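Down below is the structure, laid out as structure tokens.
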Amino acid sequence: MNIPGSIATLLIGIAVTIVSLWYGQNHGLMPVAASTDAPLVDGLFDIMMTIGTGLFLLVQGALVYSFFKFRREPGDDTDGPYIEGNIPLEILWTSIPAVIVLGIAVYSFEIYNSMGGLDPMDHSVAHHSQPTHEMAKMPGAAIAGTLTDTTIDPVSAPLEPAAIPESIPGTTSAPQEMTIQAAGLQYAWIFTYPDSGVVAGELHVPVGTRIKLAISANDVLHAFWVPEYRVKQDAIPGTPTELAFTPSRTGEYPVICAELCGPYHGAMKTKVIAETPADFNAWIASQKVASAAGLEDAIALTAAEKPVDQFLAPFVAPLGVDAATLQQLHSAHHPSAS
């Protein structure tokens with residue numbers, strides 16, 4: 001039975017559409033969505049996967065069809081028919097991708113704006129004149145605006161013992177918004193909680209609270225990326241940036257530096273720990289208590305503040321080297337020190 005070409009084309013189009021729609025929604029390529037902004041990015045990714053799957057099937061299908069339909073017959077040494085061009089076909093395969101790219105660009109820009117992206121008509125950021133209170137209103141997930149000059153450097157800022165909290169650690173409430181300072185350096189992240197004075201190497205956040213990260217870089221270019229939150233922002237030396245997200249589920253998620261920052265770039269890893277408000281408040285309280293109990297015990301002293309043998313003793317003890325041996329080695333290499 002011969003099926004008319006128009007009907008065959010229609011059936012192929014329906015089949016390609018169904019397969020593309022199914023795979024676009026069931027590809028399983030994205031990690032778990034752990035923030036309120038993640039579904040927006042996932043929706044855009046699903047649409048792109050749907051369109052990409054359809055184009056892949058059409059192109060590969062045409063190649064396979066042509067491979068069998070127009071293959072050279074045995075013994076046929078003649079040239080193929082001369083084809084100069086097909087203007088309608090060229091217009092079609094140019095206009096369709098153009099419309100697709102334009103549509104995706106508009107849709108992605110809307111998502112970028114809804115997550116707090118920069119307004120292209122607002123030139124105040126370019127002149128570093130955006131007021132602090134205006135930036136505080138921006139809920140952005142990818143704001144590259146310059147922050148105020150009063151941003152605290154979490155590494156160089158003096159650490160003072162924090163007071164023991166007056167609030168009850170079991171408190172279940174959490175603020176609607178919270179600002180945390182994130183400093184990238186080779187090869188770690190340092191997170192400072194200005195409201196409590198807590199400094200940590202892991203990012204603890206309460207679920208349901210809008211988190212605003214004031215990001216800075218102390219040496220070279222870094223990037224703060226949490227795949228489960230679908231957010232990424234560069235940490236640029238001399239140009240503080242901002243990133244915002246709202247955790248929607250508890251758990252531990254990796255924080256990855258997405259910019260090559262040196263030979264140990266691959267080891268620059270930490271994690272964001274999303275907790276219930278009660279657990280987060282308990283963690284803050286424990287950090288304050290530990291800080292108030294003795295800050296010097298929590299901060300590694302430099303070799304200039306301690307004798308070299310005392311400073312290195314904790315690091316070489318697992319190797320079976322005692323303090324006396326360490327002192328002898330140091331004296332042998334540095335006679336003037338003895």
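For region 19-52, filtered to residues that are among the small types (Gly, Ala, Ser) and not in a loop (DSSP other than H, G, I, E, B), the residue that is nearest to Ser248 (Cα to Cα) is Ser35.
So that you can scan it fast, the table gives a plain yes or no per residue for (1) exposed (fewer than 15 other Cβ atoms within 10 Å of the Cβ); (2) not in a helix (DSSP H, G or I):
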| site | (1), (2) |
| --- | --- |
| Gly13 | yes, no |
| Thr17 | yes, no |
| Gly54 | no, no |
| Ala62 | yes, no |
| Arg72 | yes, yes |
| Glu90 | yes, no |
| Trp93 | yes, no |
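For first residues located in region 235-262 and on the phi > 0 side of the Ramachandran plot, partners that are among the small types (Gly, Ala, Ser) and buried (at least 19 other Cβ atoms within 10 Å of the Cβ) and lie 6+ apart or on another chain with Cβ distances below 9 Å form the pairs Gly238/Ser216; Gly238/Ala217; Gly251/Ala34; Gly251/Ala274.
All told, Gly266 meets the bar of being under 14 Å from Ala188 (Cα atoms) and free of Cβ contacts under 8 Å to residues at least 24 places away in the same chain. The sole residue among Met115, Met138 that is modelled with pLDDT under 80 and touching a Pro at 6+ places or on another chain (Cβ under 8 Å) is Met115.
Does Ser6 satisfy being of a type in the set (Ser, Thr, Tyr) and surrounded by 15 or more Cβ atoms within 10 Å (Cβ to Cβ)? Considered against the rule, which asks whether it is of a type in the set (Ser, Thr, Tyr) and surrounded by 15 or more Cβ atoms within 10 Å (Cβ to Cβ), Ser6 comes out as no. Is at least one residue of region 301-308 at pLDDT below 90, hydroxyl-bearing (Ser, Thr, Tyr) and part of a helix (DSSP H, G or I)? Scanning region 301-308, I find no residue that is at pLDDT below 90, hydroxyl-bearing (Ser, Thr, Tyr) and part of a helix (DSSP H, G or I), so the answer is no. Filter region 266-293 for residues that are under 26 Å from Val220 (Cα atoms) and out of contact with any Cys (no Cβ under 6 Å at 6 or more places or on another chain) and give the result. If the condition is that a residue be under 26 Å from Val220 (Cα atoms) and out of contact with any Cys (no Cβ under 6 Å at 6 or more places or on another chain), then Gly266, Ala267, Lys269, Thr270, Lys271, Val272, Ile273 are the ones that fit.
The values are calculated or read from the model by the stated rules, or taken from the named source; none is laboratory data. Worth saying up front: this structure is predicted, and the values here are computed from it rather than measured. Heads up, the Cβs are rebuilt from the backbone with ideal geometry, glycines too, and the neighbour counts pull from every protein chain shown.
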